[in-house]
Amino acid sequence: MRLSKYFLKTYKEAPKEAEVVSHILMIRAGMIQKLAAGIYNYLPLAQKSIAKIEKIIREELDKRGCQECLMPAVQPGELWQESGRWGYYGPELLRFKDRKNAEYCLGPTHEEVVTDMVRRNLKSYRQLPWNIYQIQTKFRDEVRPRFGLMRGREFVMKDAYSFDVDVDSAIKSYYLMYDAYTAIFKRCGLKFKAVDASTGAIGGELSHEFQVLADSGEDTILSCSKCDYAANVEKAVSDRVLPAADRSCVEEMKEVSTPGQKTIEEISAFLKKPAENFIKTLIFLVDDQPVAVLVPGEQDANEAKIQGALHANSVWPADEETVKRVTGAEVGFAGPVNLKEKIKIVADRQIYSRVNLVCGANKTDCHLTGIDPERDFKADLIADVTFARTGEKCPHCDGVLEQFKGIEVGQVFHLGTKYSTPMKCNFLDKNGKESTAVMGCYGIGVTRTLAAFIEQNHDDKGIIWSPAVAPFEAVVIPLQGNNEKVSATAEKFYSDLREIGVDVAIDDRDERAGFKMNDADLIGFPVQIQVGARSVENGQVEVKVRRTGEKVLIDIDKTVDYVRDLLKTL
Ligand code: ATP
Ligand code: MG
C-alpha cells in the first residue's frame, strides 16, 4: 500500500477524553475515529489488524471442527421472551419497535438466536456435537463506554455456541474451546492468564475468563504465588480460617442513639469502635425481590457471589424507596433485627466468628449494640458473599493470593440447559427418547483484543506491533523522496517484498524524513527499511526493528531475503 494514497492521518495529540494508552495511540496513529459515545469507525489500518486477528480465530476454530455462520444483529424480542431474558437483561439491551409495533433488540449476544436456529435443524443425537460461531458486530448500551475500543457500545465479537448430547460431552466441548482460546491469544502475542470466572446471569459453575495482564485493566484478578490458581476477584475464594466467636463476655443487645451517623466510617468514629465491630447491612433487589445482605463492616458485598449463592438472574442495589419501605428507616440504619418487612437475610460466614457487634436498628438515627449473630437474628442463608483479598491464603496450597489487573478479552461458559430447556432445543437420544441439548457459549472481544495488544506493546513513540497482528508487517521509507536513486531503490523493495508475500507499505508521501520516521514508530510497523541517499550510494540500506530499535546496514541485494527471515523471528 502506498501511504501517499492511504486513508491515513496521524496526530501529535489525542483528545483529552482518551485516558488509556491504546485509545490515545489508536487515535494518534489514525486507526479509529469516534462517531458517537462508544461507537467508532475502524479506519483501514485498524481494519487490517482486526482482519488478522479474525483470521487467527478462524484458523484455530475451524481446525477444531467449529462451523462459521452469520446471524442477524437485529433480534426479535419474542425470542428473548421465550428464554426469559427480556425481563431482566436491563438497560444494556437496546430495544426498539418496528413499524408494525413488534419488539426488537440489537444483539448484545446470540444465545437466543442460535438456540432457535439449532432447534429447527436438530433431530437426532447422531447430528451432535455442533459448534457454531460467527464474527459479528454486537451492541451493548454500556453505562460508561470508555477507553476507546476497550469498552465500546458497538464492538466486534466472535461468539461460538456448542450443542452436545450430555454434560460429559459438553464439558469436552468446553475444554476444546479453552484450548482454542489459549492458542489464539498466544498467536496474537498476548501475555494472558485463564482465570476462574463467575457465571453471572448465565448460571452454572464452570467458566473461565482470558485476562490480558495490564495495569489499565478494569478487572481484578487474584492469583496464587505458588500454584496455578487464579480467579477474577468476583469469584476468587481464599482459605480463611474462621475462629469460633469468643463468647466469654457476650453483651446484652442495646439500642443507642446515633443521630445522622449513616456510613460505617461515621458510626465507627462516633461510637469509637473499629469497623470490624460492625455488621454492614445492604439491601439488594435480587430478581426484583428485596434481600438483606450482611457483611463484616470493613468489607464489601460481592454481587457476583450473592447472585451465585441465590441462583439469581439479577442483583441490583435497592433504590432508596425500597430501603425505606423494608427497614422502616432512612438509608443508613438497616440491620437484621426487627426489619419492618420480612425479607430474606443472607449473612456472610465471617460474621459468625464475631460477637458484640453493632448494626442499624431499622429506626432512623438509632443503632443496636451488643449483637450476637447466633442469638439475635436468623439468616436464611449463610454463605461467602465478600471478596477474597491480597495476602490471604490460596484455597489449594500454602501460597498466598496476589493481585493483578486484567483486561477480559474472552470468556468461556458451560451453560447446561439454561437456554435449551425454555426454548425446547431437543433431540431424540439413542434410545429414541426426547432429550435436551447441553450448551456452552464462548466469546472473544475482537476489537478489545486489538486494544489489549496495544496496552501490552507500546513505548513513548507509539505502538509496537508483532507481525501476526500488525496492519502491515513492514514499511519501506524513502528518506529523500526527490532523490531518484533513493525512490527507485525503495520502489524496487516495495514490489519485491510484495512479490514474496510480505504485507508491506511504502511511505511515498511528500514529507520530511523525520516526519516519516516518527509516523513509522507511531503506527508501529515491525520492520522499517530506511532508504537514505548516503547509504544507497554505498549499496546499502538501514533495516530497523521497531521493538528493539536496533538498526543494521544491509547490502541492497540481500535486503529482501533479510527482511523475510527477520519477520519470522519477530
Ligand atoms: P465485561 O465484564 O468487560 O463487561 P462481559 O463479561 O459482559 O464483559 P461477555 O458477555 O463475556 O462480556 O462477552 C464476550 C467478550 O466480548 C468479552 O470477553 C470481551 O472481550 C468482549 N466485550 C464485552 N463487552 C465489551 C465492550 N463493551 N466493548 C468491547 N468488547 C466487549
Ligand atoms: Mg465476560
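The values are calculated or read from the model by the stated rules, or taken from the named source; none is laboratory data. The model shown is predicted, which means the values in this text are computed figures rather than measured ones. Glycine also receives a Cβ, built like all others from the backbone with ideal geometry; neighbour counts cover every protein chain displayed. When the accessible area is computed, the model is the full protein with side chains, heavy atoms only, and any ligands, DNA or RNA have been set aside. Shrake-Rupley method; radii C 1.70, N 1.55, O 1.52, S 1.80 Å.
Here are a few things to note about the model shown:
- Kirkwood Rh, angstrom, the range 411-515 [1 / mean 1/r, Cα pairs]: 19.0
- At 1.567 mPa s and 4 °C, Stokes diffusion of the range 352-495 via Kirkwood alpha-carbon radius, µm² per second: 54
- Average accessible surface area per residue within the range 105-215, 1.4 Å rolling probe, Å²: 39
- In the chain, the DSSP-assigned H stretches of four residues or longer account for a calculated mean residue ellipticity at 222 nm of -7500 deg cm²/dmol, using -39500 (n - 2.57) per stretch and the full residue count as denominator.
- Taken over the range 66-154, the percentage of Cα pairs per 5 Å bin, counting from 0 up to the bin with the maximum distance, is 3, 12, 21, 20, 19, 14, 8, 4, 1, 0.
- The range 472-569: relative contact order as a whole-number percent, Cα under 8 Å and 6+ apart: 30
- Accessible surface of the chain [probe 1.4 Å, protein heavy atoms]: carbon and sulfur percent: 50
- Using the Cβ-Cβ distance between Arg247 and Asp365 with R0 set to 30 Å, the FRET efficiency works out to roughly 0.50.
- Cα-Cα over 26 Å, subset of Lys9/Lys191; Lys235/Lys273; Lys34/Lys461; Lys12/Lys568: Lys9/Lys191; Lys235/Lys273; Lys12/Lys568
- Inverse of mean 1/r across different Cα pairs in the range 472-569, Kirkwood, Å: 13.0
- The chain: DSSP helices with Cα axial extent of at least 18 Å and average Kyte-Doolittle hydropathy no lower than -1.0: 44-63, 167-187, 484-499
- Hull volume per residue, based on the alpha-carbon atoms of the range 254-383 and their convex hull, is 89 Å³.
- Size of the range 1-81: Rg and Dmax of its alpha carbons, in Å, are 17.4, 53.
- Thr559, Thr182, ranked by accessible area, largest first (probe 1.4 Å): Thr182, Thr559
- List Met517, Met1, Met157, ordered by accessible area with a 1.4 Å probe, largest first: Met1, Met517, Met157
- The range 369-422: Rg to Rh, with Rh as the Kirkwood radius over Cα pairs: 1.15
- For the range 111-167 versus the range 217-248, the gap between their alpha-carbon centres in whole angstrom: 32
- Inter-label distance, Gln127 to Lys55: 3.4 nm, where each label sits 7 Å from its Cα along the C-beta direction.
- Average accessible area per residue (Å²) across the range 472-569 - probe 1.4 Å, nucleic acids and ligands excluded: 48
- Local electrostatic count at Lys52 - Lys and Arg +1, Asp and Glu -1, tallied over other residues with Cβ under 14 Å: 0
- q = 0.29 Å⁻¹, the range 207-254: log10 I(q)/I(0) [Debye, one scatterer per Cα]: -1.21
- Inter-label distance, nm, simple model (7 Å from Cα along the C-beta direction), Ser435/Thr569: 5.5
- Annotation: per residue accessible area for the range 217-261 equals 56 Å², rounded to a whole number [probe 1.4 Å, protein chains only].
- Diffusion of the range 1-147 by Stokes-Einstein, at 25 °C in a medium of 0.890 mPa s and with Rh set to the Kirkwood radius over alpha-carbon pairs, works out to 132 µm²/s.
- Multiplying the residue separation of Glu484 and Asn426 by 0.36 nm and removing their Cα-Cα distance gives an extension gain of 13.8 nm.
- Summary value for the range 130-242: 17 percent relative contact order, contacts being C-alpha pairs under 8 angstrom separated by 6+ residues.
- Distance-filtered residues of the range 159-182 - backbone nitrogen under 16 Å, label point 7 angstrom along Met117 Cα→Cβ: 159-164
- At 1.567 mPa s and 4 °C, Stokes D of the range 157-217 from Kirkwood alpha-carbon radius, µm² per second: 99
- Ligands, DNA and RNA aside, Lys273 has an accessible area near 60 Å² when probed at 1.4 Å.
- Cα shape, the range 140-243, gyration tensor, a/c 1.5 rule: rounded
- Euclidean distance of C-alpha centroids, the range 276-317 and the range 49-100, integer Å: 31
- Overall Cα dimensions of the range 197-301, principal axis frame, Å, largest first: 50, 37, 29
- Under the criterion of Cα pairs below 8 Å and six or more residues apart, the relative contact order for the chain equals 17 percent.
- Dividing the radius of gyration of the alpha carbons in the chain by their Kirkwood radius gives 1.07 for Rg/Rh.
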